[in-house]
Amino acid sequence: MSTSFAELRSAPPGCAHCNLPVPESELAADREHQFCCPGCRTAYDVISAAGLAGYYGFGERRQTAVASTARDYAEFDHPAFQALYVKRSPDGLATTELYLDGVHCASCVWLVEKVPLAVPGAVSAELNVPRSLARLSWDPDRTSLSAIARFLDRLGYPAHPFRGAAIDQRRRAEDRAMLVRIGIAGALAINVMTVALALYAGWFGAMEASYIRYFRWVSLALTVPSVLGPGRVFFRSAWAAIRSRRLHMDIPIALALGAGFLRGAMNTWADTGPIYFDGVVTLIFLLLTGRFLQQRAQRAAADSTELLHSMTPSIAHLIDQGVIREVPVEALSPGQMVLVRAGDLVPADGVIHDGESAVDCSVLTGESRPVRARAGDTVYAGTTNRNASLTVRIVETGETSRLGRILQELEAGMQRRAPVVHTADRLAGWFIGAVLALAVVTWLAWQWVDPAVALDNAIALLIVTCPCALALATPLTMTVAIGQAARQGILIRGADALEVLSRPAELVLDKTGTITEGILGLITWTGPANVRGAVLSLERHSSHPIARAFEAAWADVAAVEADQIQPTVGSGLSGVVGGRLVTVGSPRYVRAMASDPHDLAASVADHLTPVVVAVDGIVVGAAGFGDPVRTGARAAIRALTIRGWRPSVLSGDVPSVVRAVAVAVGIPADLARGGATPEDKLAAVEQRLAAGQTVVMVGDGVNDAPAIGRASVGVGIRGGAEACLAAADVFLAHPGLDPLVELVDGAGRTMRVIRRNIGISIGYNLIGAALAVTGLINPLLAAVMMPVSSLTVILISWRSRTFEAVR
């Protein structure tokens, strides 16, 4: 049954690929399936042709239009690229890892991992959704990496090289080794506990002595590999601490494990007295598990700047003897000429040889307005060419470029950061020393009272006061809090950040993208409404950000046809609309061709970018463009100020703009500094740190990354650059500054739970120590009591409401 175009318009269907509404311009009555864009149509055809229509059976699947780049990915087959990112296995297969854009759910996993069915020669594809990382394997004799990348691109997953393969491989090896240790410890603990249950059951019955002896020796045989295998890490750590003459929490743990094991072995050999093997192996398993979880939580903070490099393109258009070739950026060298097309990222630092355009430097400088660039001007890697093609002669590449130096400063700043000393760590040193001293005193004292129980009482003391509860008090609460925060869109990469954020400090805010929206918008308009359609008619023929801002602000205004359009790069454009000459552009450009009897250009505030409109030689309108302040920013800053925080603004934008925005959100103008380079921001943070201040830096661009990495705590805002987010300790997934207030409040609640846990664990250990010193408990009872404090801390942490109230 055919469908008329009128019926489609009255009830527009959803896109057959992504379910988004289909625009009227894309409707086709002769098609069975409708698509919102050519990208979705291509993806649908590719999926269907490959026999992967099962993708559309997923209830949850892609909800965004496909944005295929249409690249041929020839640079992926370049020898320089292959040498850097592709590994060859002995069987002749090639493997690599690629970042994929657009990955978000299980349907993406299903589709990407079906690549071998669709691309002959592809052997396997594995997708890590949280990291958007695809591990690919293929036969180079049958297909190429570029062919696989083109297939993924057509599905809506543009591919980028993964530059951290070596680090990632080492981490996987470390995780596998730790999981093997945990698995062995857990298996041995289960078996020892099973034997222990048999022995405990024998207390209530008349178990024969031969069976008791047998079970004791079986327990010893199972405990030996646990102590000498997985438990070896605690003894190595304790020995290293002793050699370096410092107290470490692993010292009493090792002493308790060693004393319990040796005493149990002695009792097993003598066939008398209790054995403590079930407590020993259980303790090894629990401590290894807790250590692994803590390591995984801290892993993100140790991430190097892999994501930072995505700020530069993976390819460049090299001009070689008049021929333009796509090459990987790694193959570029100083002195070469590259073509940077409109909309492309600049691949390396260089000097413009030919062309004139506007360059968006906000990613580096924070300036919200594109900068005019012409022959002889310097452009930097990572910036975006907006308007027209440029020919650039390369001066610096890779690590020697400005972006590369910023990334190196970022890494150095993260390494120089002084570690936060947690309350639990400070108490641990005193506690460990006191426990060790008290154990010696207990053994000596009982030598006078009853030598037969002196060693048992000392061991009971070491076991019952094992600092595992104290060790869990901080990391476990932090882990639970971080998990609760993540469910609220607050991603915390380091537990130490919560301690810093729990107390008021210096709050340094970037402007562009943090306090403001980070996009150019129409702020003011002075002029008749009937001129707006003529303005849009011209701006449709421009790719300048101001043109996009006009279209966004006047989306409901109808435009008419325009002809004889004459653009002037960096100034404006003119054309004939409805038989009348219309000119739109900068005041200087328009006034050269028109009069301004009412001086409308002067009506635009100093901190806004003025654009004037003239019709038939007379200026009739003026628009002011700027970066609008985020909704709720003023209320959020007021809330933080009430809580004792001291906010200020540090931005790379024009000083007058920065001061105006600061005043608009309630920050005094004298606390707002503009025109700051990334190096200036880093220096400002270091100056405050040197003065003994705690500094929290909030930003969203590469220009903020070094300062964020050096600050006591760095916070990245949603939509910010990858470099900033890789450096940040906290990432706020929701826009605006309201999540910052929620983060501060949640951090305060978390620290209160930690202090309560520390108090409970210390109080419990004091009671247990008193019982052990006085001989009221033996090592077996101490082994039963020891996990109680840990269990109490675990339950309190698990039930705590740290970020639960966040909305």
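The values are calculated or read from the model by the stated rules, or taken from the named source; none is laboratory data. Please read these numbers as outputs of a predicted model, since none were measured by experiment. Cβ coordinates were reconstructed from backbone atoms using ideal geometry, including for glycine residues, and neighbour counts include every protein chain displayed. These area figures cover heavy atoms from the full protein model, side chains too; ligands, DNA and RNA do not enter into them. Shrake-Rupley method; radii C 1.70, N 1.55, O 1.52, S 1.80 Å.
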- Note on the structure: Result for segment 512-625: accessible area per residue, probe 1.4 angstrom, in square angstrom, of 47
- Query: Say each of Arg243 and Ala558 gets a label point 7 Å from the Cα, pointing the same way as Cα to Cβ; how far apart are those two points in nm?
  - Reply: 8.4
- Message: If R₀ is 22 angstrom, what is the calculated FRET efficiency for the pair Thr524 and Asp670, using the beta carbon separation as r and rounding to 0.05?
- Response: 0.25
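Test of understanding: what is the full-extension gain from Arg638 to Ala49, defined as 0.36 nm times their sequence separation minus their Cα-Cα distance?
My answer for the length gained is 206.3 nm.
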- Under a plain spin-label model, where a point goes 7 Å from the Cα along Cα-to-Cβ, how far apart in nm are Arg801 and Glu174? 3.8
- Message: Computing the accessible area with a 1.4 Å probe over protein heavy atoms, can you report the carbon and sulfur percentage for segment 584-680?
- Response: 57
- Query: Between His541 and Trp448, what length comes free when the chain is fully extended (0.36 nm per residue of separation minus the Cα-Cα distance, one decimal in nm)?
  - Reply: 23.7 nm
- Task: Give, in nm to one decimal, the length gained when the segment between His33 and Leu766 is fully stretched (0.36 nm per residue of separation minus the Cα-Cα distance).
- Result: 256.6 nm
- Taking protein heavy atoms only, a 1.4 Å probe, and rounding to whole percent, the accessible area of segment 514-562 owed to carbon and sulfur comes out at 52
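Which order do Trp525, Trp430, Trp239, Trp138 take by accessible area at a 1.4 Å probe, largest first? Mind dumping the intermediate values first?
On the way: Trp525 65, Trp430 185, Trp239 150, Trp138 5 Å².
Descending order: Trp430, Trp239, Trp525, Trp138.
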- If you count, for each residue, the other Cβ atoms within 10 Å and average over each peptide, how do 188-197, 595-604 line up from highest to lowest? 188-197, 595-604
- Message: Run the reach check for Lys87 against lysines, Cα to Cα strictly under 22 Å, same-chain hits fewer than 8 apart removed. What comes back?
- Response: Lys114
- Query: By per-residue mean of other Cβ atoms within 10 Å, what is the highest-first order of 266-273, 583-590?
  - Reply: 583-590, 266-273
- By a straight-distance test (C-alpha under 17 Å), which lysines pair with Lys681 as possible cross-link partners, with residues fewer than eight away in the same chain excluded? Lys511
- FRET efficiency estimate (nearest 0.05) - Cβ-Cβ, Arg393 to Ala83, R0 41 angstrom: 0.95
- Provide the packing ranking of 446-456, 215-225, i.e. peptides ordered by the mean count of other C-beta atoms within 10 Å per residue, highest first. 215-225, 446-456
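Give the residue list of GluC sites (Glu not before Pro) in segment 532-581 that are DSSP loop and have at most 13 other beta-carbon atoms within 10 angstrom.
Loop-located and lightly packed - Glu561.
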- Counting only residues 5 or more apart in sequence or on a different chain, those whose built amide H sits under 5 Å from that of Tyr276 are Gly264
- Query: Points 7 angstrom from Cα along the Cβ direction at Ile324 and Leu93: gap in nanometres?
  - Reply: 3.9
